[in-house]
Every structure is written in structure tokens, then in C-alpha cells.
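Engineer: Shown below is the structure under consideration.
The values are calculated or read from the model by the stated rules, or taken from the named source; none is laboratory data. Because the structure is predicted, anything quoted here is derived from the model rather than measured. Heads up, the Cβs are rebuilt from the backbone with ideal geometry, glycines too, and the neighbour counts pull from every protein chain shown. To get the accessible areas, we keep the full protein, side chains included, count just its heavy atoms, and leave off ligands, DNA and RNA. Shrake-Rupley method; radii C 1.70, N 1.55, O 1.52, S 1.80 Å.
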Amino acid sequence: MYRSDVVGSLLRPRYLKEARQQFEARKLTDVEFKRIEDRSVNEAIDLQLRTGIDVLTDGEMRRYAFWGHLIDAVEGFDKHGGWSMPFHNEKGEQISQPRPVVVSKLRRKRPMCAEEFTYLRARTDHPSKATFISAQQAAAYYDANKSSGAYPTMDAFLADLVSLLRDEVAELVRLGCTYIQIDSPQYAALIDSGIREGYRQRGTNPDRLLDLSIEMDNAVIGGHPGITFGLHLCRGNNQSKFYASGDYGPITKVFRYTKFQRFLLEFDDDRSGGFEPLAHMPVDRTVVLGLVSSKKPALESKDELKRRIHEAEKFLPLERLALSPQCGFASTWEGNLVTEADQEAKLRLVAETAREVWGTTK
């Protein structure tokens with residue numbers, strides 16, 4: 001039981017951002033860029049170790065976005081050719097994030113996460129995990145107009161996609177990974193009442209889509225005794241902006257019918273709703289409360305975090321709870337509007353609060 005956790009991505013250092021641009025412009029060789037990536041992963045590990053977080057990631061430093069491991073490792077996607085996703089903040093400021101789109105048959109060029117995990121495993125003996133895109137998230141990369149030449153139906157695309165993701169999970173397990181986190185902010189589309197209505201208007205039943213998503217997630221993680229599978233759900237995270245709002249009430253089926261043992265859930269502000277949906281959590285599941293914002297620089301009060309943890313305890317016993325930031329600090333390479341000092345302070349706050357509440361690091 002890891003009482004303090006981190007969702008995945010950490011802020012990319014400036015030198016890494018500059019190196020990625022040079023690499024994409026073919027001004028750096030593979031070897032030169034790989035050394036710079038390694039340096040940034042080393043620094044991400046050191047950051048998490050000195051803040052006291054119980055379980056580490058590599059910071060997703062080798063990805064241009066949290067979904068980058070899929071797009072870079074699997075042939076068949078136009079990296080920026082999909083429909084754009086709007087993100088906004090409380091002030092109404094907006095950005096638009098172009099998505100990938102599948103345009104040809106999927107073919108695995110290389111493992112998606114093997115390099116990330118094996119490097120992390122070799123660099124530290126501290127508990128570590130791999131982060132991984134969900135099939136439900138990648139379903140958004142199908143476009144009936146642009147994808148039908150490769151896959152006449154979304155179901156045909158998803159069949160190949162699930163097969164690839166299942167193989168990747170099996171490879172991570174073979175490499176010794178015992179904690180695999182699946183990232184699926186796309187579930188937020190089934191939380192937000194406005195987005196749900198949009199699905200209905202386009203002829204898609206959001207509840208049927210939820211059932212399909214659960215089936216795909218269960219197919220991907222399969223049966224691997226002794227492996228902890230976590231599911232991270234949030235409402236969008238891009239340069240301190242989001243795309244959805246609402247509590248987890250409409251998707252509590254995910255808690256009951258998926259095989260995940262650990263749920264990393266966003267609860268950092270009013271958009272997330274209350275803890276009441278946690279009453280639907282089966283007795284053998286753990287919830288990691290994402291109470292610390294990765295979007296805003298202001299440092300939360302330790303007393304307020306403890307108050308909210310005990311509020312959640314009304315719906316789940318304390319021994320089935322843990323603490324983390326609400327999302328990654330850099331779901332895309334640009335990163336959220338916080339500094340590296342803010343990020344370090346927030347990770348330390350998570351670790352210290354967890355130790356004071358649970359009295360143990362694991």
C-alpha cells in the first residue's frame with residue numbers, strides 16, 4: 001500500500017524542451033538526444049526521492065505528451081491530424097490541442113514503455129510504476145472520414161488497439177513491473193453533462209460507450225496475479241486548463257466492474273464534486289485522493305488536506321485511502337503554469353501529509 005503517489009508526468013526542464021525541438025529539426029542525433037533524455041529522467045528520480053514520495057515514475061520525460069508512447073511506438077497515426085480538443089480555465093481562457101488520428105493499419109515498431117521502465121528500474125531500487133494510455137482514451141483517435149481507409153469501423157480499430165495494449169502490459173509484467181497505471185481522462189467525457197448530451201446528439205449512447213470502455217480496459221489488463229493495476233481519471237490537464245466538470249456519479253460502474261485495484265481520482269476543486277461516489281467502491285479497492293493541484297502554484301494547507309482526507313473517510317475507511325496530486329504536472333510537453341519549485345513543494349507536501357496521516361510510507 002503506497003500512501004503517497006504521483007500521477008506520472010513531471011515538468012520538462014528547459015534544456016529537454018530545447019533538445020526535443022532540435023532533435024525534431026534533425027539537429028541532434030539519436031545518441032545525443034537519448035543522453036539528454038537520460039539526464040532529465042535521472043533528475044526526475046532524484047526529485048521524487050528527496051521529496052519522499054512512496055512510488056516513482058520516470059516523469060514521462062521521453063514523451064511529448066502522456067499519450068506519446070503510443071504514437072511514437074506504433075505505426076499508423078497522423079500525430080497532429082485529428083480533431084482538436086478545447087481546454088479552458090475558470091477565466092474562460094482557451095487553448096486547442098490537436099489529437100492524433102489513425103490513418104493506416106496499426107503496426108508496433110517497438111515496445112511503448114519498455115525503455116522507460118527498464119531505465120527506471122536500473123536507476124533505483126525504490127518502488128516504481130509504469131504509466132500507460134487506455135484503449136478508451138485512444139478510441140478518440142478514430143475519425144470516420146480519415147480512418148475508414150484503414151479501419152472501416154471503430155470496432156475494427158479498437159480490436160487491433162486492444163491487442164497491442166494487451167501485449168504491452170504482458171511485456172511490462174515480464175520485465176518485472178508490479179504496478180501499472182492506466183491513464184484515461186477521456187472518461188471525463190462521460191462525467192460532464194454537456195459532453196454526454198453532445199454524444200447523444202451525434203447518435204452515441206454515453207452509457208453504452210461506458211460499458212464498452214470497461215470491457216476494453218478489462219481486456220487490456222487481463223489476468224496478472226500479483227500485479228497492481230491503477231486507473232487514473234481526471235477532467236483534462238493541459239497547460240493548467242481542463243475540458244470537463246462534474247462528479248464521478250455517472251461512471252461509478254467503472255469502480256464496480258473493472259478489474260483495477262487502485263483508483264487515482266481528481267478531487268482538488270469544486271469541478272470534481274464531492275466524495276459521495278466513493279460509496280460505490282468495492283471493498284477490495286483503494287482510492288488515491290488527488291487533493292493537491294498540479295495546475296495552480298498556490299501551496300495547499302496541510303491541515304486542509306487532512307480535513308479532506310477525513311471527510312473522504314465517511315465513505316471509505318482510512319486504510320483504503322492514499323494521497324497524490326490530482327494529475328501530472330506536464331501531461332503535454334509544455335507543462336502546467338507552475339514552477340519547478342512549486343512542483344517540488346507540492347510533492348513534498350503529499351509525502352509529508354501521507355506520513356503524518358497514515359504513520360507509514362507503504
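Engineer: Out of the residues in segment 90-124 meeting the condition of being closer than 27 Å to residue 161 by Cα and among the basic types (Lys, Arg), tell me which one is farthest from the chain's Cα centre (by Cα).
Structural biologist: 105
Engineer: Please go through segment 167-184 and pick out each residue that is open to solvent by 10 Å² or more (accessible area, probe 1.4 Å), under 27 Å from residue 1 (Cβ atoms) and out of contact with any His (no Cβ under 6 Å at 6 or more places or on another chain).
Structural biologist: Answer for segment 167-184, where residues must be open to solvent by 10 Å² or more (accessible area, probe 1.4 Å), under 27 Å from residue 1 (Cβ atoms) and out of contact with any His (no Cβ under 6 Å at 6 or more places or on another chain): 170, 171, 174, 175, 176, 178.
Engineer: For segment 213-240, what are the residues that are part of a helix (DSSP H, G or I) and either within 16 Å of the chain's Cα centre (by Cα) or in contact (Cβ under 8 Å) with a residue 40 or more places away in the chain (or both)? It would help to see each step written out before you state the result.
Structural biologist: Initially, segment 213-240 is screened for residues part of a helix (DSSP H, G or I), giving 213-221.
If the condition is that a residue be part of a helix (DSSP H, G or I) and either within 16 Å of the chain's Cα centre (by Cα) or in contact (Cβ under 8 Å) with a residue 40 or more places away in the chain (or both), then 213, 214, 216, 217, 218, 219, 220, 221 are the ones that fit.
Engineer: On to the next question. Would you check which residues across segment 195-247 are of a type in the set (Ser, Thr, Tyr), open to solvent by 30 Å² or more (accessible area, probe 1.4 Å) and in contact with a helix residue (DSSP H, G or I) (Cβ under 8 Å, 6 or more places away or on another chain) and list them? So that I can check it myself, show each step before the final result.
Structural biologist: First, the residues of segment 195-247 that are of a type in the set (Ser, Thr, Tyr): 199, 204, 213, 228, 240, 243, 245.
Pick out the ones that are also open to solvent by 30 Å² or more (accessible area, probe 1.4 Å) and you get 199, 204, 228, 245.
Once the filter is applied, which keeps residues that are of a type in the set (Ser, Thr, Tyr), open to solvent by 30 Å² or more (accessible area, probe 1.4 Å) and in contact with a helix residue (DSSP H, G or I) (Cβ under 8 Å, 6 or more places away or on another chain), segment 195-247 yields 199, 245.
Engineer: Just checking, how many residues over segment 105-147 are in contact with a helix residue (DSSP H, G or I) (Cβ under 7 Å, 6 or more places away or on another chain), assigned to a helix (DSSP H, G or I) and basic (Lys, Arg)?
Structural biologist: 1
Engineer: Quick one: how many residues across segment 98-132 are in contact (Cβ under 8 Å) with a residue 12 or more places away in the chain and out of contact with any Gly (no Cβ under 9 Å at 6 or more places or on another chain)?
Structural biologist: Final tally of qualifying residues: 18.
Engineer: Right, something else. Please work out if residue 292 is touching a residue at least 60 places away in the same chain (Cβ under 8 Å) and within 23 Å of residue 281 (Cβ to Cβ).
Structural biologist: Considered against the rule, which asks whether it is touching a residue at least 60 places away in the same chain (Cβ under 8 Å) and within 23 Å of residue 281 (Cβ to Cβ), residue 292 comes out as no.
Engineer: When you check residue 150 against the structure, is it under 24 Å from residue 212 (Cα atoms), touching a Lys or Arg at 6+ places or on another chain (Cβ under 7 Å) and not in a helix (DSSP H, G or I), yes or no?
Structural biologist: Considered against the rule, which asks whether it is under 24 Å from residue 212 (Cα atoms), touching a Lys or Arg at 6+ places or on another chain (Cβ under 7 Å) and not in a helix (DSSP H, G or I), residue 150 comes out as yes.
Engineer: Is it true that some residue in segment 107-118 is within 23 Å of residue 183 (Cα to Cα), surrounded by fewer than 17 Cβ atoms within 10 Å (Cβ to Cβ) and among the aromatic types (Phe, Trp, Tyr)?
Structural biologist: No, that holds for no residue.
Engineer: Please find, among 298, 330, the residue that is closer than 19 Å to residue 347 by Cβ, open to solvent by 60 Å² or more (accessible area, probe 1.4 Å) and not basic (Lys, Arg).
Structural biologist: Result: 298 is the single residue among 298, 330 that is closer than 19 Å to residue 347 by Cβ, open to solvent by 60 Å² or more (accessible area, probe 1.4 Å) and not basic (Lys, Arg).
Engineer: Scan segment 250-270 for residues that are surrounded by fewer than 19 Cβ atoms within 10 Å (Cβ to Cβ) and either free of Cβ contacts under 8 Å to residues at least 60 places away in the same chain or under 16 Å from the mean Cα position of the chain (by Cα) (or both) and jot them down.
Structural biologist: Within segment 250-270, 252, 253, 256, 257, 259, 261, 269, 270 meet the criteria.
Engineer: Between 203, 194, which is assigned to a helix (DSSP H, G or I) and either within 22 Å of residue 273 (Cβ to Cβ) or at pLDDT below 95 (or both)?
Structural biologist: Only one candidate passes the filter, namely 194.
Engineer: Also, I was wondering about something else. Just the residues that are under 22 Å from residue 335 (Cβ atoms) and of a type outside the set (Lys, Arg), please, taken from segment 268-287.
Structural biologist: Listed by number, the residues that qualify are 268, 269, 272.
Engineer: Among 225, 185, 152, which is the only one that is closer than 30 Å to residue 336 by Cβ and not hydroxyl-bearing (Ser, Thr, Tyr)?
Structural biologist: Going through 225, 185, 152 in turn, just one is closer than 30 Å to residue 336 by Cβ and not hydroxyl-bearing (Ser, Thr, Tyr): 185.
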